[in-house]
Amino acid sequence: MNRLPIVEFHILQSFPVSCLNRDDVGSPKSALIGGTSRARVSSQCWKRALRLKMHELGTPIGLRTKNLASVLTAKSLPLCPDEAKAAKATEALASQLIAKDALIFVTPEEIDDLVTILKEADFSDSVSKDAVKGFVKKHAKGNFSNALDIALFGRMVAMQADLGVTAACSVAHAITTHKMESELDFYTAVADDDSSGEPGAAFLGVSEYSGGTFYRYICLDLNQLAANLCINELTEENLQDLEHAISDFTTALFVAVPSARQHTHAAFCPWNYARILVRNGQGIQVAFDKAVKSRNGFLEPSIEALKGALSQHEKLFGERLYGKTADIEFSETGDLSIDNVISKINGALHE
């Protein structure tokens, strides 16, 4: 199969008062970049939001669980009404795949196949190792079109390394392009039925928030995505499957926002600006080592800095190494919709 390009998303997205991603004490996450403190949203946080949004939009995704045995037991009860027997059997089978309390990413098909193994063993608590080996062999290079999140973000299964999936999508931690330190929010709650006659609030509290213009970088390796979808040659049908996966992912990427404290901040903010590059070679993230200075806000100077960095990257890498086949600009002041962006990305695959 001809080598496919990568798709790079360079996104600028401004948020007002918010706390999109918290640390262990509830403070907004941060990072020290170029000697200045920046607000940060971890890649794990945004990938979680992406998975949930894909599911909400109807894209089939996998199940991430550390209770595989319980999942299998629930699926087994119609076939084995003896719940105690089913639970014992599923616990034994799960223990051959993952360590206790370990998380595993599984597809609906994999769950069904594991239940079939249990059924064929008459829900014995000593499922043969050959049956497990057969399961691992079948799904070692499975088609993850029915679990796009696994195809995108990969998985690791320590006890069964052959079930590991290399991620097709690399997601950077989002950082503000400028200096940002969290601030304190002193808040109160007033009881509606307070009959004490005492003035003041019934509850006093303090929380932290931040905000600003975030730079997000996402690199989608279409070769790895095709491999995870078991696309070995670019037939018309296979190309449509790949384009559909790109469309589902890009749509979710456009609207997904981390859910932390959204009921109190409502920071549901779309992209302000994005450059989407379809290229060959390796991805190149912009570091924003030099914090931008406000000029009627941070967005305008951030756009200028991003454009300058991307132009310099292209100049330094040269035409052969940079290998650009499409350069798509999305702006809140432009007339290019996200549907147009997706069409242009998919159109580049035919060039």
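The values are calculated or read from the model by the stated rules, or taken from the named source; none is laboratory data. Not measured: the values here are computed from a predicted model. Backbone-built Cβ (ideal geometry, glycine too); neighbour counts: all protein chains shown. Just so you know, the surface numbers come from the protein's heavy atoms only, side chains and all, with ligands and any DNA or RNA stripped out. Shrake-Rupley method; radii C 1.70, N 1.55, O 1.52, S 1.80 Å.
The helices (runs of 4 or more DSSP H) found wholly in region 181-300 and carrying at least 1 residues that are of a type in the set (Val, Ile, Thr) and within 21 Å of GLU329 (Cβ to Cβ) occupy 236-255.
Looking at this structure, is SER43 more than 17 Å from the chain's Cα centre (by Cα) and of a type in the set (Gly, Ala, Ser)?
Working: more than 17 Å from the chain's Cα centre (by Cα): no; of a type in the set (Gly, Ala, Ser): yes.
Spelling it out, it is not the case that SER43 is more than 17 Å from the chain's Cα centre (by Cα) and of a type in the set (Gly, Ala, Ser).
Looking at region 295-318, can you tell me whether even one residue there is under 26 Å from SER145 (Cα atoms) and open to solvent by less than 20 Å² (accessible area, probe 1.4 Å)? Even if it seems obvious, please write down each step before you answer.
Within region 295-318, the subset under 26 Å from SER145 (Cα atoms) is none.
No, the conditions are met nowhere in region 295-318.
Give the number of residues within region 307-351 that are of a type in the set (Ser, Thr, Tyr) and in contact with a helix residue (DSSP H, G or I) (Cβ under 7 Å, 6 or more places away or on another chain).
Step one: list which residues in region 307-351 are of a type in the set (Ser, Thr, Tyr), which gives 311, 322, 325, 331, 333, 337, 343.
Add one more test, that the residue is in contact with a helix residue (DSSP H, G or I) (Cβ under 7 Å, 6 or more places away or on another chain), and what stays is 322, 325.
Matching residues across region 307-351 total 2.
Annotation for region 162-175: at least one member residue is open to solvent by less than 70 Å² (accessible area, probe 1.4 Å), at pLDDT 90 or above, assigned to a helix (DSSP H, G or I) and of a type outside the set (Val, Ile, Thr).
Scan region 71-89 and give yes if some residue there is of a type in the set (A, V, I, L, M), closer than 28 Å to ILE218 by Cα and crowded, with 16+ Cβ neighbours inside 10 Å, otherwise no.
As a first pass, look at region 71-89 and keep what is of a type in the set (A, V, I, L, M): 71-72, 74, 77, 79, 84, 86-87, 89.
From what is left, the residues that are closer than 28 Å to ILE218 by Cα are none.
No.
Taken together, the residues in region 321-339 that are free of Cβ contacts under 8 Å to residues at least 60 places away in the same chain and open to solvent by 60 Å² or more (accessible area, probe 1.4 Å) amount to 7.
Being open to solvent by less than 30 Å² (accessible area, probe 1.4 Å), over 30 Å from GLY58 (Cα atoms) and in contact (Cβ under 8 Å) with a residue 60 or more places away in the chain holds for only one residue in GLY212, GLY205, GLY142, and it is GLY212.
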